[in-house]
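To keep things clear, I will list the structure first and then write my remarks on it.
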Amino acid sequence: MLEPEPYLVTDLTQLPGRAEAVVLPSSADEVAQVVAWCYERDVPITPRGGATGLAGGAVADGGIVLGLERLNRVRSFDPLLWRLHAEAGVTTATVQRTARESGLFFPPDPGAAELSQLGGNVATNAAGPHAFKYGATGAWVTGLEAVLPPGDLVTVGGAIRKDVAGYDLKSLLIGSEGTLGIVTAVWLRLIPAPEVTLPVVAFHRDTPAGCDAILRVLGSGITAAAVEYLDLEALASGAAAYEAGVPAGAGFMVIAEADGSAEEAERIRAELAEALSEGALAVHSPRDRVGLEALWRWRGGLAFAVIARRGGVVSEDVVVPLDRLAEAIEGTVELGRRHDLVALSFGHAGDGNLHSTFLIEPDDAEELGRALAACEDLFELAVSLGGSVSGEHGLGLLKRGQLARQWQPRALELHAAVKAAFDPKNLLNPGKKLAVGPSFAGARRSSSSAGRA
Ligand SMILES: Cc1cc2nc3c(=O)[nH]c(=O)nc-3n(C[C@H](O)[C@H](O)[C@H](O)COP(=O)(O)OP(=O)(O)OC[C@H]3O[C@@H](n4cnc5c(N)ncnc54)[C@H](O)[C@@H]3O)c2cc1C
């Protein structure tokens, strides 16, 4: 008898994956039936949303891939109560648009919004530029419906804005990367949309000057909605496409945004301009809608401009305390020097979240090896600065085994105990998040699709 060929499945990381079957249930009950069937037969399950994750979390190694895309209904939307209840396969952009059409705002803004799904956002606790003011996805989740092994459909929280009864199981599921349960629906709280958003762009000579300006923003108590940065090489990657022009000698760019009512946004914009202008080479502030949209579009395309420089990158999403940001940015460049690679970073400055990136030729295995070694040093650097190996994308497959770098043994034991309590047979996304064992770095390819992040 012929054995069926495994499906070759991957995600945007292009890590090689394989699965015996791809299952696309249409309802939460069907998800529960699939999980029960798999649990009875010891079949591993890899949940998959829009497959835009940047840590290889949705890449399977055998068993089934469980795609959530058919769970795509908004179950209820109550604009007058600022809340929405949607299934896991609804895209981020659909949630954002639905809210906007009624004057409301869903602040989490990870890139790839047309593809990424609510369930994937919850599973990675995805964030974006506006997490600085508004927090990551989890800050907007009031309840989850999820299928937990061995196949139980469970609800934690709901359309309630507070809940301190019991342990916070909802928060355990948020960011668990599909290793504890499969999210089938999410209750979200929304807020009225800000009337106006006004960006301020500042160019500084170098990283210390730029980071000082960012610290001044915080120290002055200015409630910016977003504070982003680009270092020298990141700026060089996108400079040609930056319509307003990059001033000569600029080695660091800050993009901050004010929002609120027209009056409030204008006040914050002026405060931002003042805090960022000390020692700056140039400060400008597009006010018209076209200029504003062009700025964020340019920022959204930056990762692709970075990739275009040599065809490939190895990029990580470390995070450090804000007062150590300059050291982490300069440390990334120094690691590039040490490993003979062009290194750069950009990211969510307000949250201390870097996208530290090493440029490589996609087919140069030796160069890839050096970039992976640089990433190991980068993780060490982040942890030594009091930071974390991942601020946004999670551990997935790519950062397998990295937890031990930053958690103490007792905390690691608790991680293992939590996993065993939810998933005693270790069938939910095995090999991800907690897994110790061989690093997955060997199977890694350079990314040609790393995101804005
Ligand atoms: C261009 C681009 C820009 C990006 N920008 C950002 C950014 O600014 N900030 C940020 O945080 N991320 C960013 N990302 C990463 C990614 O988009 C987010 O992590 C996104 O939320 C993943 O959603 P997804 O539906 O694509 O999940 P997938 O990639 O399909 O899966 C991600 C993880 O979640 C699990 N999972 C998916 N659905 C479920 C479910 N229903 N139940 C349980 N587990 C599930 C998977 O098993 C996997 O471990 C970016 C990616 C790209 C390509």
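Which pairs have Cβ atoms under 9 Å, sit 6 or more apart or on different chains, and link a residue in the stretch 133-158 that is farther than 22 Å from Pro108 by Cβ and within 13 Å of the ligand (Cβ to nearest atom) to one that is open to solvent by 20 Å² or more (accessible area, probe 1.4 Å) and of a type in the set (Lys, Arg)?
These pairs meet every condition: Pro149/Lys425.
In this structure, is Asp212 of a type in the set (D, E, K, R), open to solvent by 10 Å² or more (accessible area, probe 1.4 Å) and under 19 Å from His348 (Cβ atoms)?
In short, yes.
Given the criterion touching a residue at least 24 places away in the same chain (Cβ under 8 Å), in contact with a strand residue (DSSP E or B) (Cβ under 9 Å, 6 or more places away or on another chain), open to solvent by 10 Å² or more (accessible area, probe 1.4 Å) and among the β-branched types (Val, Ile, Thr), identify the matching residue among Ile268, Ile360, Ile307.
After ruling out the rest, the residue left standing is Ile307.
Sort out which residues of the stretch 52-91 are under 21 Å from Lys399 (Cβ atoms) and either among the hydroxyl-bearing types (Ser, Thr, Tyr) or in contact with a Leu (Cβ under 6 Å, 6 or more places away or on another chain) (or both), and write them in order of number.
Those that are under 21 Å from Lys399 (Cβ atoms) and either among the hydroxyl-bearing types (Ser, Thr, Tyr) or in contact with a Leu (Cβ under 6 Å, 6 or more places away or on another chain) (or both): Thr52, Ala55, Gly56, Val59.
Looking only at the stretch 105-130, which residues are within 19 Å of Gly175 (Cβ to Cβ), outside any loop (DSSP other than H, G, I, E, B) and either of a type in the set (A, V, I, L, M, F, W, C) or more than 8 Å from the ligand (Cβ to nearest atom) (or both)?
Leu118, Val122, Ala123
For Leu295, state whether it is part of a helix (DSSP H, G or I), touching a residue at least 12 places away in the same chain (Cβ under 8 Å) and open to solvent by less than 20 Å² (accessible area, probe 1.4 Å).
It is true that Leu295 is part of a helix (DSSP H, G or I), touching a residue at least 12 places away in the same chain (Cβ under 8 Å) and open to solvent by less than 20 Å² (accessible area, probe 1.4 Å).
Given the options Thr91, Thr52, name the one that is out of contact with any strand residue (DSSP E or B) (no Cβ under 8 Å at 6 or more places or on another chain), near the ligand (Cβ under 9 Å from one of its atoms) and within 30 Å of Ala193 (Cα to Cα).
Thr52
State all residues of the stretch 36-49 that are open to solvent by 30 Å² or more (accessible area, probe 1.4 Å) and near the ligand (Cβ under 6 Å from one of its atoms); if no residue qualifies, say none.
The one that is open to solvent by 30 Å² or more (accessible area, probe 1.4 Å) and near the ligand (Cβ under 6 Å from one of its atoms): Arg48.
Only one of Leu412, Leu354, Leu359 is more than 16 Å from the ligand (Cβ to nearest atom) and at pLDDT 95 or above. Can you tell me which?
Result: Leu359 is the single residue among Leu412, Leu354, Leu359 that is more than 16 Å from the ligand (Cβ to nearest atom) and at pLDDT 95 or above.
Out of Leu218, Leu190, which single residue is under 21 Å from the mean Cα position of the chain (by Cα), more than 30 Å from Lys432 (Cα to Cα) and more than 9 Å from the ligand (Cβ to nearest atom)?
None of the other options fit; the residue is Leu190.
Going through Val314, Val306, Val283 one at a time, which residue ends up being in a strand (DSSP E or B) and closer than 30 Å to Leu403 by Cα?
Val314
What is the one condition in (1) small (Gly, Ala, Ser); (2) surrounded by fewer than 20 Cβ atoms within 10 Å (Cβ to Cβ); (3) more than 16 Å from the ligand (Cβ to nearest atom); (4) in contact (Cβ under 8 Å) with a residue 40 or more places away in the chain that Ser102 does not satisfy?
(4)
The values are calculated or read from the model by the stated rules, or taken from the named source; none is laboratory data. Nothing here was measured: the structure is a model prediction, and the numbers come from that model. Here the Cβ is made from the backbone with ideal geometry for all residues, glycine too, and neighbour counts use every protein chain on show. Areas reflect the complete protein model, heavy atoms only, side chains present, ligands, DNA and RNA absent. Shrake-Rupley method; radii C 1.70, N 1.55, O 1.52, S 1.80 Å.
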